[in-house]
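Below is one structure; the comments refer to it alone.
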Amino acid sequence: MSRGAKNKSAQAYDESDVRIRPGKGTRPRTKTRPAHADAQTAMVVSVDRGRWGCVLDDDPDRRIVTMRARELGRTPIVVGDRVGVVGDLSGRPDTLARIVRVEDRRTVLRRTADDTDPYERIVVGNADQLLIVTALADPPPRTGFVERALAAAYAGGLSPVLCLTKSDLAAPAEFSAHFADLDLPVIVAGRDDPLDELWETLDHKLTALIGHSGVGKSTLVNRLVPDADRATGVVSGVGKGRHTSTQSVALALPGGRGWVVDTPGIRSFGLAHVTPDQIIDAFDDLRDATDDCPRGCTHLGPPADPECALDALEGTSYRRAMAVRELLASVSATGPADEPPVDAAP
């Protein structure tokens, strides 16, 4: 109200006597976002409390610490993601760059808390393959966990590989025979076994590792990356002064031979997000055959699906179809509670 208005009667007021202070919401807003055409490509190698450790041009020696740009909102960013970064890319202590863009993922390893949980947790992005580490004894191997890992790999577009450890305690033939008809590569990598075949499999790929606690996964990682303990501290601290043992961490293989992603934080492997068709689609011959299935077919066969087209296959395709059907039945009949936790964090 103006000063002269103090002595006026109420009837004498008009709009010129009122002073309006602009509110916070009166400023025009725009959805235009900067293009960041100069953003440099990086790969996320660690995540820790709102900070992401990244490497530029896949070079493990060019590490930077980043934050998520405001315009990305709550966009999830996980280890393995390819991102665009701007700002201080020197990597010097106490410097912080910004992630301004997240590229579409080629593959996604997902899990849910249990088979009824609708919320998907992305474990690793853009991994080429999933190395399922299983001990042949102590603890005894379980087909259930391997089957769940296979389902997640097939649904997410990753190539699964079964890696058997502790071969000095038991022979691998009996357990690996359970998956023979799936054409699943099996590598024996016990403590005293040579790793030539495993190196060939990992060569120039991004590989996610999962396995139950006590199966020898840490021993295997340390054989592949001799300075893994030191490297984990470097990539997971991301400037916050804390060693993170509950998050996925990408470790560079020596000689630029690729990356392995250790995933020690997985407590359960729910598959609420996986459908039968996603598993079937991993096999060209089975996918083509299911074109003749009736609508809504779950591919489990009689009595649930008496007209499933998989029953008409022959030879190798039929044996693979029956193996996949067993996988589907196992995944749909059991839950994560049937399996012990995977490298459960304290």
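Distance distribution P(r), segment 49-100, all Cα-Cα pairs, bin width 10 angstrom from 0: 26, 61, 14 percent.
Once backbone amide H atoms are built at 1.01 Å from N, Arg106 has Asn126 as its partners under 5 Å, excluding neighbours fewer than 5 places away on the same chain.
The HN-Hα couplings worked out from phi for segment 158-172 by the Karplus form 6.51 cos²θ - 1.76 cosθ + 1.60 (θ = phi - 60°) are 8, 8, x, 9, 8, 10, 9, 10, 6, 5, 6, 9, 7, 7, x Hz, whole numbers, x standing for Gly and Pro. Below 10 angstrom from the Cβ of Arg110, what's the summed charge of the other residues (Lys, Arg +1; Asp, Glu -1)? So the environment of Arg110 carries a net charge of +1. Dipole magnitude for segment 120-190: computed about the Cα centre from +1 point charges on Lys and Arg Cβ and -1 point charges on Asp and Glu Cβ, it is near 200 debye. Rg/Rh for segment 135-218 stands at 0.93; both radii use Cα atoms, and Rh follows the Kirkwood definition. Once the other residues with Cβ under 12 Å from the Cβ of Thr316 are scored (Lys, Arg +1; Asp, Glu -1), what is the net sum? Here the count lands on -2. Kindly identify segment 48-199 as rounded, prolate or oblate by the Cα gyration tensor criterion: order the square roots of the eigenvalues as a ≥ b ≥ c, call it rounded if a/c is under 1.5, otherwise compare a/b with b/c, prolate if a/b is larger, else oblate. Prolate, because a/c is 1.5 or more and a/b exceeds b/c. Note that segment 274-289 has calculated 3J(HN,Hα) couplings of 9, 10, x, 5, 5, 6, 4, 5, 6, 10, 4, 5, 6, 4, 5, 5 Hz, one per residue in order, obtained from phi through the Karplus relation 6.51 cos²θ - 1.76 cosθ + 1.60 (θ = phi - 60°); glycine and proline are x. Local charge for Leu206 was computed over the other residues whose Cβ lies under 10 Å away, with Lys and Arg +1 and Asp and Glu -1, and equals 0.
Every number here is computed from the coordinates shown, using simple stated rules; none is lab data. The structure presented is a predicted model; accordingly, all values stated were derived computationally and were not measured. Counting neighbours? That spans all protein chains shown, and the Cβs are built from the backbone with ideal geometry, glycine included.
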